[in-house]
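As structure tokens, the structure follows; a few thoughts come after it.
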Amino acid sequence: MTDKPILSVRNLKKHYILKAGLLNRTVGAAKAVDGISFDIYQGETLGLVGESGCGKSTAATSIMHLEEPTDGEVIFNGGGRAGESRNDDGTHPNDVTKFSKKELKAFRRDAQMIFQDPSSSFNPRMTVGSAIAEMLLVHGMDDKHRRRAIVEDLLERVGLSPEDYDRYPHEFSGGQKQRIALARALVLNPDFIVADEPVSALDVSIKAEVLSLINDLQEEFGLSLLFISHDMSVIRKVCDRVAVMYLGEIVEIGKTEELFANPQHPYTEALLSAIPTPDPRTRAQGIELTGEVPNPANPPSGCRFHTRCHRVIQSNDVDMDQDAWRAVLNFRDSVRSEAIDIDLIEENALIEEGGHGDASDGAIKDQIRDEFNLPDQLGDTSAETSLERALDWIVDGEMEEAANFLSEEFVTPCEETVPEFTDHGDGHRSACLRHSEESQTVEALADDD
Ligand code: ADP
Ligand code: MG
């Protein structure tokens, strides 16, 4: 690994325009990738991790220019090109997003991509050997015998045999097909490979083999890699550094060891705690990532993770158990989005009471607390009074009043302020308001002196 980036991504955005209705009007945009920046150094494997729907694949296809990015730069210094200086108009000569057709063709030789599903990446009517050799032909190697010799050699290097040249894709297992995909990605001797969930579709027993093959090949070919996965345990096996992505943004980046040992962003913590350990009792902190990734067309304000964050900051005027605070906010959001099924709650309350006719107000309120993991009594008296008042409104069927009141009473700074990146040293950075608030506090104290 050197200190020279082979790829620099700057403020990359990909917004998918959403259209609807008879007139096909634009109704919004899915901000699948919403301003990500990172470098990949020569010989390095950078991991990109996040749940399904966070924008990892969109980031990959935008970087490879398989899709037109909405904004940002992708500066590629491969193929012997190196550039620090900019053109007169401020653009970068190595910006992939501005490449001409000819430059793109050269880029497509130096940068390759591997996809998750090995079955759909091959033409079923073409032998795997000719599928790989075709890459050489497209890039100008006319000598048929030479092409065959190169491909046979590569097949061996990925753990297959030269005789496999004349076989068809269906004759191979998933793991073998991914080996063939690797051979095809390597045949033009690229500098850089994007691997989008390359082992996610493989059986557990095969995963480790293919991962160690990727590790070996990376060293042998001096490759730089962007390695995408939703699985932290896979990331740990192959990546030098990791970028954690949530809802179109990068929330934490750092060296793999450091990030696994000292995760700074609660989202990273949650992803790490999802790794199964041999001993279930040691399952890291037992943080559970509940709910789904929100819709990228309408991302939460402030920190995009605040709707699911177990460390979501309490407002200045409350002081309660953190789990209770999370529960109060979940309750508030459900009331606000009219996601409470009050009829069902009444039914369940009646069953609890074992009564007939209508459930009592008290039983309904208990039932709501139960369903939202709200404690019988909040530790903060004034917050408890507010919560009780909102519950009264709900029991009376005044949902809108309850929603408005909860929205005024319970506010987290996390929904009001977009967090900036904080530096934790050695290239480890994270964007969480808890850290910027802490550093502000430190500054404020210093000012007082
Ligand atoms: P990941 O690879 O992390 O699972 P994707 O990049 O596939 O995430 O998707 C990110 C978000 O962008 C998702 O919400 C997805 O629904 C949305 N998305 C992806 N492709 C399109 C498209 N062509 N049109 C609209 N939305 C899209
Ligand atoms: Mg994907």
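Remarks
- Neighbours by Cβ (under 9 Å, 6+ apart or cross-chain): first from the range 141-163, among the polar types (S, T, N, Q); second modelled with pLDDT of 95 or more: S161/E152; S161/L155
- Scanning the range 133-182 for residues that are part of a loop (DSSP other than H, G, I, E, B) and closer than 27 Å to E209 by Cα yields V158, G159, L160, S161, R167, Y168, F172, S173.
- The single condition from (1) crowded, with 23+ Cβ neighbours inside 10 Å; (2) part of a strand (DSSP E or B); (3) within 16 Å of ligand 2 (Cβ to nearest atom); (4) not β-branched (V, I, T) that C54 fails is (2).
- Of all residues in the range 77-92, those that are at pLDDT below 80 have Cβ atoms under 6 Å from Cβ atoms of residues that are surrounded by 10 or more Cβ atoms within 10 Å (Cβ to Cβ) and among the polar types (S, T, N, Q), 6 or more apart or on another chain, in R81/N94; G83/N94.
- If you check G47, G43, G78, G72 for being crowded, with 17+ Cβ neighbours inside 10 Å, more than 16 Å from ligand 2 (Cβ to nearest atom) and not in a loop (DSSP other than H, G, I, E, B), only one passes: G72.
- Residues within the range 11-28 that are within 9 Å of ligand 1 (Cβ to nearest atom) and either in contact with a helix residue (DSSP H, G or I) (Cβ under 7 Å, 6 or more places away or on another chain) or open to solvent by less than 30 Å² (accessible area, probe 1.4 Å) (or both), tallied: 1
- Members of the range 192-212 that are more than 15 Å from ligand 2 (Cβ to nearest atom), outside any helix (DSSP H, G or I) and surrounded by fewer than 23 Cβ atoms within 10 Å (Cβ to Cβ): L202, D203
- Among the residues of the range 109-123, those that are under 25 Å from the mean Cα position of the chain (by Cα) and either open to solvent by 20 Å² or more (accessible area, probe 1.4 Å) or within 19 Å of G140 (Cβ to Cβ) (or both) comprise A111, Q112, M113, F115, Q116, D117, S119, S120, S121.
- Check on A106, away from ligand 2 (no atom under 16 Å from the Cβ), modelled with pLDDT under 95 and exposed (fewer than 13 other Cβ atoms within 10 Å of the Cβ): no
- Checking each residue in the range 279-295 for being open to solvent by 80 Å² or more (accessible area, probe 1.4 Å), modelled with pLDDT under 85 and either within 16 Å of ligand 2 (Cβ to nearest atom) or farther than 24 Å from L247 by Cα (or both) picks out P280, R281, T282, R283.
- Every residue from the range 355-405 that is without any contact (Cβ under 8 Å) to a residue 24 or more places away in the chain and not in a helix (DSSP H, G or I): G355, H356, G357, D358, A359, S360, D376, Q377, D396, E398
- Test result for V318, surrounded by 14 or more Cβ atoms within 10 Å (Cβ to Cβ), at pLDDT below 95, in a loop (DSSP other than H, G, I, E, B) and at negative phi: yes
- The residue of the range 57-69 that is nearest to ligand 1 (Cβ to nearest atom), among those that are open to solvent by 40 Å² or more (accessible area, probe 1.4 Å) and assigned to a loop (DSSP other than H, G, I, E, B), is E67.
The values are calculated or read from the model by the stated rules, or taken from the named source; none is laboratory data. Every value quoted in this text rests on a predicted model; they were computed, and no experiment measured them. In this analysis, Cβ positions are derived from the backbone assuming ideal geometry, glycine residues included, and neighbour counts consider all displayed protein chains. Protein only, heavy atoms only, side chains kept; ligands, DNA and RNA dropped before computing areas. Shrake-Rupley method; radii C 1.70, N 1.55, O 1.52, S 1.80 Å.
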